[in-house]
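Have a look at the structure below, then the notes.
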Amino acid sequence: ETKPTLPLPLADYTRYSRQLLLPQIGLPGQIALRNAKVLIVGLGGLGSPATLYLAGAGVGTLGLIDGDTVEESNLHRQIAHSEDRVGQYKVDSAAAAVAGLNSGVKVRVWREHLNTGNVLRVLEKEEEWDLVLDCTDHPSVRYLLSDAAVLTGKTVVSASALRWDGQLTVLNDPVGEGPCYRCVWPNVPEKGSVVGCGEGGILGPVVGVMGVLQAIEAIKVLVSRAPKKEVEEKTESTKREYRMTLLSSYPTLQFRSVRLLGKRKTCPVCGENKTITRETIETGSDEYIQACGGLPSEEGL
Amino acid sequence: ETKPTLPLPLADYTRYSRQLLLPQIGLPGQIALRNAKVLIVGLGGLGSPATLYLAGAGVGTLGLIDGDTVEESNLHRQIAHSEDRVGQYKVDSAAAAVAGLNSGVKVRVWREHLNTGNVLRVLEKEEEWDLVLDCTDHPSVRYLLSDAAVLTGKTVVSASALRWDGQLTVLNDPVGEGPCYRCVWPNVPEKGSVVGCGEGGILGPVVGVMGVLQAIEAIKVLVSRAPKKEVEEKTESTKREYRMTLLSSYPTLQFRSVRLLGKRKTCPVCGENKTITRETIETGSDEYIQACGGLPSEEGL
Amino acid sequence: MSKPVTVTLEFSGGLETVFNNIKSRKVTIPAPEDGKTLDMGYVVKYLADNLLKGNRDMFVLADKIRPGILVLINDADWELEGEEEYEPKDGDSLLFVSTLHGG
Amino acid sequence: MSKPVTVTLEFSGGLETVFNNIKSRKVTIPAPEDGKTLDMGYVVKYLADNLLKGNRDMFVLADKIRPGILVLINDADWELEGEEEYEPKDGDSLLFVSTLHGG
Ligand SMILES: [Zn+2]
Ligand SMILES: [Zn+2]
């Protein structure tokens with residue numbers, strides 16, 4: 001199918017034609033996507049659309065990790081699953097959805113929750129991920145994943161949602177320069193202390209929007225690492241700013257982009273006095289257990 | 001399955017539990033969604049996620065109209081379709097996706113493009129729609145659908161996208177009060193005159209975000225018509241403002257909400273001198289033909 | 001001695017539920033009675049004492065902003081502006097965002 | 001006689017492609033040489049004559065904003081502000097949005 005002279009399989013020129021037309025993507029961008037390996041942690045309300053749109057865009061390899069199985073009460077927002085896959089592992093259900101949409105995408109699945117015992121193995125040893133998506137539903141896992149991503153040099157596209165609201169940040173981007181999850185949220189919340197721990201309602205398309213935005217940001221990160229394109233956007237040259245996008249959708253739809261502090265010198269994982277290391281993770285620091293009810297989530301928000 | 005004393009089928013309390021928890025939805029909102037009939041015009045990049053999320057949320061009846069069939073080059077952004085449904089009508093493919101996600105949703109399909117000959121029949125005579133989503137890919141159809149919605153008293157949740165950008169407005173809301181598509185864009189563009197006619201690239205999740213936002217706005221409109229809920233949000237009492245949400249996702253993700261003029265006295269369909277009526281539509285005014293290359297779209301953006 | 005300031009107060013991420021469901025509101029903060037400076041430290045305590053309707057622990061711990069809440073002054077992290085020592089000006093936007101964890 | 005004004009110029013919906021891919025930029029508009037008022041009508045013509053790099057017809061028709069372009073002054077439809085007669089002030093945001101039709 002592939003002529004040796006073509007940088008992409010012939011069929012890809014048709015399949016991705018509308019995306020290849022974008023000067024910011026083009027052939028180098030599409031090749032970067034095809035070569036990219038993206039790990040998606042959590043196949044719930046965020047991971048469902050993020051996975052589908054990254055598969056659609058032609059990301060070559062997707063890794064899916066989640067220990068939950070599909071329940072009927074997931075289906076109002078977790079659109080990668082379906083009624084006839086209730087009871088299956090979410091990663092298997094999502095893999096089936098990816099295969100239906102784009103059979104050219106390679107999928108690897110882990111039928112387990114991310115935890116201190118597997119995080120370094122999954123993030124680093126079993127596959128060389130170019131990017132990680134934090135689509136989890138639990139604060140402990142968010143801290144753990146971010147810590148491990150800093151230690152293994154991965155950028156994380158992180159999102160979350162509850163009720164009518166959502167939050168999105170790209171962490172550790174560029175690798176070693178951008179703030180991590182702890183730089184943004186330095187104080188680990190304790191169980192019961194923060195609005196949002198425990199049971200809260202959620203509107204399906206609210207978490208959906210955040211997951212689709214993760215796919216946009218993921219594609220931009222991957223494509224930005226491709227060889228330079230012909231057209232470079234002219235933008236005011238300013239100091240690199242780190243931002244969080246906030247969605248508030250009730251009563252009126254409102255997005256805002258807020259400016260973050262950046263990397264924090266006092267951060268225990270990327271600051272000057274590092275107290276979180278591969279070793280503290282592997283020996284299972286109980287800090288992750290304390291936060292908001294501990295690891296792992298069985299609620300399946 | 002339904003006990004006579006329960007306002008919703010028993011299974012719905014579990015299935016929609018996370019959404020029922022929202023005080024702005026609750027039982028009255030869920031009943032409103034169940035009783036609602038929503039017409040989705042266009043099953044492409046916008047209609048795909050909008051349909052899935054409305055089905056997930058438990059909208060009782062979805063109407064789908066589109067004359068196109070699924071092509072492989074659609075799949076990078078039209079996530080309701082799949083490789084094994086290439087060649088099927090998009091409405092049939094989307095109906096299959098809805099059935100997989102939520103078999104309780106009734107679906108009606110029209111395997112045709114919306115045009116002057118069918119618009120009043122589909123919008124009014126064949127079903128009593130509570131709301132219409134403009135997910136089309138063609139300016140002529142956008143004007144035609146908006147005109148017919150004003151004449152038949154329907155609110156339209158309208159979105160569009162191209163390249164890295166998107167636009168969203170809720171039109172004719174409240175019915176008879178809010179601006180229509182012509183009030184916002186009074187001058188119909190001619191073929192070739194506007195950036196965006198003809199071939200332009202599009203990133204899948206960019207159009208995806210706009211479609212998911214349509215689902216949020218649609219749910220809010222439907223639920224707002226339910227009997228008043230217990231909890232009412234306290235907001236500053238201000239004059240009703242009409243807004244458009246703009247997305248610009250490259251190089252940095254930026255949303256903004258801009259204030260529209262509102263209803264325009266000179267609008268030919270909802271202003272003081274109405275020159276667009278049921279009759280001019282039914283006799284096929286050729287204005288719709290001129291705009292941006294005419295009706296119907298065969299490009300399948 | 002400080003003068004009162006009128007700011008736009010905004011809550012997001014669920015914090016509005018302990019502030020009587022305010023999403024956005026113009027509020028005039030009176031000058032401290034003890035003649036001290038009207039700074040963000042004072043504003044936080046003033047809000048907790050006067051506008052908060054729900055569980056105080058959701059907003060402050062010992063009169064300090066509690067972990068898991070981001071404070072933004074004109075859409076920038078308040079640590080960029082001097083944190084508790086920043087003296088708000090008329091027209092400033094003060095946004096309090098609670099971390100969300102759902103996914 | 002008018003003085004120059006410094007505004008933030010923004011383009012969206014594809015219009016940036018005829019303005020050298022500017023998404024957002026601070027620009028100082030000089031006062032009209034003929035001593036006329038520096039109003040939005042003048043600004044539109046000035047931009048078309050000086051900043052536009054692509055197809056002029058994409059932006060103006062006979063020096064007037066062309067159909068399918070929404071002009072927003074500080075995020076509000078310019079018709080709320082007086083349209084071509086509005087006289088921009090320093091710091092104003094002028095946003096030009098082209099209709100999008102894709103879906
Ligand atoms: Zn850090
Ligand atoms: Zn009108």
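The values are calculated or read from the model by the stated rules, or taken from the named source; none is laboratory data. Since we're looking at a predicted model, the values are computed, not measured. Cβ: placed from backbone, ideal geometry, glycine included. Neighbour counts: every protein chain shown. For accessibility, only protein heavy atoms count, side chains too; no ligands or nucleic acids. Shrake-Rupley method; radii C 1.70, N 1.55, O 1.52, S 1.80 Å.
Assorted remarks:
- Test: residue in segment A:278-288 that is modelled with pLDDT under 90, among the aliphatic types (A, V, I, L, M) and crowded, with 16+ Cβ neighbours inside 10 Å: no
- Here the condition is being open to solvent by 30 Å² or more (accessible area, probe 1.4 Å) and under 24 Å from B:Leu261 (Cα atoms); of D:Lys53, D:Lys89, D:Lys36, it holds for D:Lys89 alone.
- For segment A:195-211, a tally of residues being modelled with pLDDT under 95 and either open to solvent by 10 Å² or more (accessible area, probe 1.4 Å) or more than 8 Å from chain C (Cβ to nearest Cβ) (or both) returns 6.
- Residue in segment B:241-280 that is farthest from ligand 2 (Cβ to nearest atom), counting only those that are among the β-branched types (Val, Ile, Thr) and over 22 Å from B:Glu177 (Cα atoms): B:Thr252
- Taking segment B:33-51 as the range and being open to solvent by 10 Å² or more (accessible area, probe 1.4 Å) and within 14 Å of chain A (Cβ to nearest Cβ) as the test, only B:Arg34 passes.
- Listed conditions (1) within 29 Å of A:Glu72 (Cβ to Cβ); (2) more than 8 Å from every other protein chain (Cβ to nearest Cβ); (3) at pLDDT 95 or above are all met by B:Ser103, apart from (2).
- Checked against the criterion of being within 17 Å of C:Ile69 (Cβ to Cβ) and polar (S, T, N, Q), the candidates C:Thr17, C:Thr28 yield just one match: C:Thr17.
- Test for D:Thr17: is it touching an Asp or Glu at 6+ places or on another chain (Cβ under 6 Å) and either at the interface with another protein chain (Cβ under 10 Å from one of its Cβ atoms) or open to solvent by 40 Å² or more (accessible area, probe 1.4 Å) (or both): no
- Apart from one condition, B:Ala95 fits all of (1) assigned to a loop (DSSP other than H, G, I, E, B); (2) under 25 Å from B:Val209 (Cα atoms); the exception is (1).
- Where a residue in segment A:75-97 is within 22 Å of A:Ala161 (Cβ to Cβ) and its partner, wherever it lies, is part of a loop (DSSP other than H, G, I, E, B) and of a type in the set (D, E, K, R), with Cβ under 7 Å and at least six apart: A:Lys90/A:Asp66; A:Lys90/A:Asp68; A:Val91/A:Asp66; A:Val91/A:Arg111
- Among (1) within 13 Å of chain A (Cβ to nearest Cβ); (2) surrounded by 20 or more Cβ atoms within 10 Å (Cβ to Cβ); (3) closer than 18 Å to B:Val207 by Cβ, the one test that B:Leu22 misses: (3)
- Which listed residue is more than 11 Å from chain A (Cβ to nearest Cβ) and in contact with a helix residue (DSSP H, G or I) (Cβ under 6 Å, 6 or more places away or on another chain), from B:Glu112, B:Glu124: B:Glu124
- Test: D:Lys45 is surrounded by fewer than 17 Cβ atoms within 10 Å (Cβ to Cβ), of a type outside the set (S, T, N, Q) and under 20 Å from B:Cys183 (Cα atoms): no
- Within segment A:1-19, the set of residues being aromatic (Phe, Trp, Tyr) and surrounded by fewer than 20 Cβ atoms within 10 Å (Cβ to Cβ) comprises just one member, A:Tyr13.
- Test: residue in segment C:22-44 that is in contact (Cβ under 8 Å) with a residue 40 or more places away in the chain and under 26 Å from C:His101 (Cα atoms): yes
- Top-ranked residue of segment A:170-183 - restricted to ones that are within 12 Å of ligand 1 (Cβ to nearest atom) and in contact with a Ser or Thr (Cβ under 6 Å, 6 or more places away or on another chain), ranked as farthest from the other protein chains (Cβ to nearest Cβ): A:Asn172
- If only residues of segment A:135-159 that are out of contact with any helix residue (DSSP H, G or I) (no Cβ under 7 Å at 6 or more places or on another chain) and at the interface with chain C (Cβ under 7 Å from one of its Cβ atoms) are counted, the one that is modelled with the highest pLDDT is A:Asp137.
- Filter pass, A:Lys228 being outside any loop (DSSP other than H, G, I, E, B) and either at pLDDT below 95 or away from ligand 1 (no atom under 16 Å from the Cβ) (or both): no
- Hits in segment C:56-78 (condition: buried (at least 18 other Cβ atoms within 10 Å of the Cβ) and charged (D, E, K, R)): C:Arg66, C:Asp77
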